[in-house]
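Asks: Got a structure here, written out as structure tokens. Questions coming.
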Amino acid sequence: MPDLNELLSSFTRVRGVNAALVVGQDGLVLQSVTAPGTDDAEIDVLGAMASSGLVPAQEIGKESARGQLLQSIYEYEDGVVVIEPLGTSAILVVLTSAAANLGLLRLQARKVHPELERALAEI
């Protein structure tokens, strides 16, 4: 079975993906992989912000009777941030440029989600 680093690296092989990280519910980065040229200093800040943004997104689903949050996609002028809960203890965060293929990224997230949860259970 691939380890957490290998699974996160699979995201950075998708064109336009700058970083993939797993963050604890407390906002601390558990593991991250960045593409060449990505500023590693912003990763800790991104992790903290992603964890604080997850709860409101989950509440929107609950209050609008849409069910459990599967994935949030935040689109900005220069790229996209994808946030996806991994069980109840962690969050997947993927940072992209504007050139990223979101369909391929979502497919990759769906494919490795169960493996990410298994890898986290072993930590």
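The values are calculated or read from the model by the stated rules, or taken from the named source; none is laboratory data. The shown structure was predicted, so the numbers you read here are calculated from the model rather than taken from an experiment. Cβ atoms come from the backbone with ideal geometry, glycine included; neighbour counts cover every protein chain shown.
Asks: I'd like to check something: does segment 90-108 contain any residue that is of a type in the set (Ser, Thr, Tyr) and farther than 18 Å from Thr12 by Cβ?
Replies: No, that holds for no residue.
Asks: Among the residues of segment 24-67, write down those that are in a strand (DSSP E or B) and either closer than 14 Å to Val81 by Cα or not aliphatic (A, V, I, L, M) (or both).
Replies: Scanning segment 24-67 gives Gly24, Gln31, Ser32, Thr34.
Asks: Would you mind stating whether Ile83 is among the aliphatic types (A, V, I, L, M), surrounded by fewer than 16 Cβ atoms within 10 Å (Cβ to Cβ) and at pLDDT 90 or above?
Replies: It is false that Ile83 is among the aliphatic types (A, V, I, L, M), surrounded by fewer than 16 Cβ atoms within 10 Å (Cβ to Cβ) and at pLDDT 90 or above.
Asks: Further question on the same structure: Could you list, in sequence order, the residues of segment 94-123 that are touching a Gly at 6+ places or on another chain (Cβ under 6 Å) and surrounded by fewer than 19 Cβ atoms within 10 Å (Cβ to Cβ)?
Replies: Scanning segment 94-123 gives Ser97, Ala98, Ala99, Glu117.
Asks: If Thr38 satisfies all but one of (1) buried (at least 19 other Cβ atoms within 10 Å of the Cβ); (2) of a type outside the set (Asp, Glu); (3) at pLDDT below 90; (4) within 22 Å of Glu6 (Cα to Cα), what's the number of the condition it fails?
Replies: All conditions are met except number (1).
Asks: Now for a separate question. Can you go through Glu75, Glu63, Glu59, Glu6 and tell me which one is within 17 Å of Leu120 (Cα to Cα), out of contact with any Leu (no Cβ under 6 Å at 6 or more places or on another chain) and without any contact (Cβ under 8 Å) to a residue 12 or more places away in the chain?
Replies: Glu6
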